[in-house]
1. For segment 250-260, state whether one or more residues are modelled with pLDDT under 85 and under 23 Å from ARG72 (Cβ atoms).
2. May I ask you to list the residues in segment 261-278 that are away from ligand 1 (no atom under 12 Å from the Cβ), in contact with a helix residue (DSSP H, G or I) (Cβ under 7 Å, 6 or more places away or on another chain) and not in a strand (DSSP E or B)?
3. Kindly indicate whether LEU63 is modelled with pLDDT of 90 or more and either away from ligand 1 (no atom under 12 Å from the Cβ) or not β-branched (Val, Ile, Thr) (or both).
4. Let me confirm something: among GLY237, GLY266, GLY274, GLY322, which residue is among the small types (Gly, Ala, Ser) and at positive phi?
5. Would you confirm, using the coordinates I've provided, whether ASP186 is of a type in the set (Asp, Glu) and under 19 Å from ASP236 (Cα atoms)?
6. Give me the helices (runs of 4 or more DSSP H) completely within segment 78-182, filtered to those with at least 3 residues that are within 16 Å of ligand 2 (Cβ to nearest atom), ordered by residue number.
7. State all residues of segment 107-131 that are crowded, with 21+ Cβ neighbours inside 10 Å, over 18 Å from LYS207 (Cα atoms) and not small (Gly, Ala, Ser); if no residue qualifies, say none.
8. Count, please, the residues in segment 364-385 that happen to be surrounded by 20 or more Cβ atoms within 10 Å (Cβ to Cβ) and either in a helix (DSSP H, G or I) or touching a Cys at 6+ places or on another chain (Cβ under 9 Å) (or both).
Amino acid sequence: MAKARIQFICQNCGSAHQRWAGKCDSCGEWNTLVEEGTSGGIGSGPGSLKSARKGRPVTLTSLDGDIEDAPRIVSGIGELDRATGGGFVRGSALLIGGDPGIGKSTLLTQAAAALASRGHRVVYVSGEEAVAQIRLRAQRLGVASSPVELAAETNVEDILATIADGKRPDLIIIDSIQTLWTDLADSAPGTVTQVRASSQAMIRYAKSTGAAVVLVGHVTKEGQIAGPRVVEHMVDGVLYFEGEGGHHFRILRTVKNRFGPTDEIGVFEMSDKGLREVANPSELFLGERHAKAPGAAVFAAIEGTRPVLVEIQALVAASTLGTPRRAVVGWDSSRLSMILAVLEAHCGVRFGQHDVYLNVAGGYRISEPAADLAVASALVSSLTGIALPADCVYFGEISLSGAVRPVAHAQQRLKEAEKLGFGRAVLPSGSGELAGGIGAGSFQPTALADLVARIAGSRRSRAEETD
Ligand code: TYD
Ligand code: MG
């Protein structure tokens, strides 16, 4: 038998080293190398040569063939089903990542209960909490009577032996993969090798039996903790459960999905009785709006397939610093620099002596370039002290030349704005016909300078006062 070989595995990126070092060569992180044994095949990559085994022929098959059951298990929790692309897929593995305490266990307890009461066999395996704690949570959620099968266990072999008993489960929830360990790997639970080997065993089980497996993984903002990052490429789907401290809403974001669209989001609100679905996120994000203040613009965003209205707030204040401060929450800071540069270069708006703060209200995070126009409007509004019209939404991309460029889904954005009582829009020209309620007072600039002139001109007398 081959001698067990010692390797040092980086807990950040998973790369293997022959010798210990203070710094990982691959990812540059310090103090992340941990000694792990590699007997049992895990981690013995192509580098370690064993005597070749003669292959066993497998049966080849055709693309066309019978598929058992309905391929998806619908949970009935609309926002969750939306994020997974229509329900959990049989025979697939899904990773749900998120900060500790964000509500992953709560969400999955609710999903498990919903599925179990519809007659599916659901097994919930918790390695983090005792059975009593999970029961307590279930009571709080009002789902204690649903027939979910519960276990507090961390050994993969024991878990697999347990679920092999009786009817094959439709859904298995493992909370969390950081606590799992398998006899096949020697290292301690929570290390990359263990997480990878245990996940692999669960994924193999899912593929071979057709059960859906959900793995929970804790991850910090930087994704440094051993686990989720190395598992991401092994699973069929990755969802991230996010939320901002101090806000009650949570967003379930699809990052990877082999069986459906990505960039889809599910929106929830954490209440004292668990997570509540938020069917209309715009109302939530616009809830605390103070429309009359300068520096606020409402952006009509698209998240996945649905429109979401959010408020963008800017504060431009005279700076005493040599290098003025630029601070952004909820948006890309290099994108802000770009917008500031375009405003300076093409519109004659100067920010060189000003600190600029930008915030997306409600703790929401925007990744679309379509927010450019709303950001630019908020910045100009704050600088000039002129409040933007309260019933106006903004969207459009700005190019480096100062032109306003069309963005996708203009009609969907307008329809959502109309539904929420907005009467006008500032949008790129060529976005198609304006919907019924939105029209009069709308503006379709081709250049950003036109919009700046319009904002500054809307209350010229006051602008002159503040200058
Ligand atoms: P939890 O699901 O345990 O988080 P995770 O599994 O992601 O670590 O949720 C923990 C938080 O949610 C905790 O701070 C309490 C809060 N919570 C509520 O506000 N209402 C509820 O009904 C429940 C069950 C939890
Ligand atoms: Mg938990």
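The values are calculated or read from the model by the stated rules, or taken from the named source; none is laboratory data. Since this is a predicted model, take the numbers as computed values, not measurements. Reconstructed Cβ throughout: ideal geometry from the backbone, glycine too, with neighbour counts over all protein chains shown.
1. yes
2. GLU264, VAL278
3. no
4. Every option except GLY274 fails the conditions.
5. no
6. In segment 78-182, the matching helices (runs of 4 or more DSSP H) lie at 104-116, 131-141.
7. Within segment 107-131, LEU107, LEU108, THR109, GLN110, LEU115, TYR124, VAL125 meet the criteria.
8. 15
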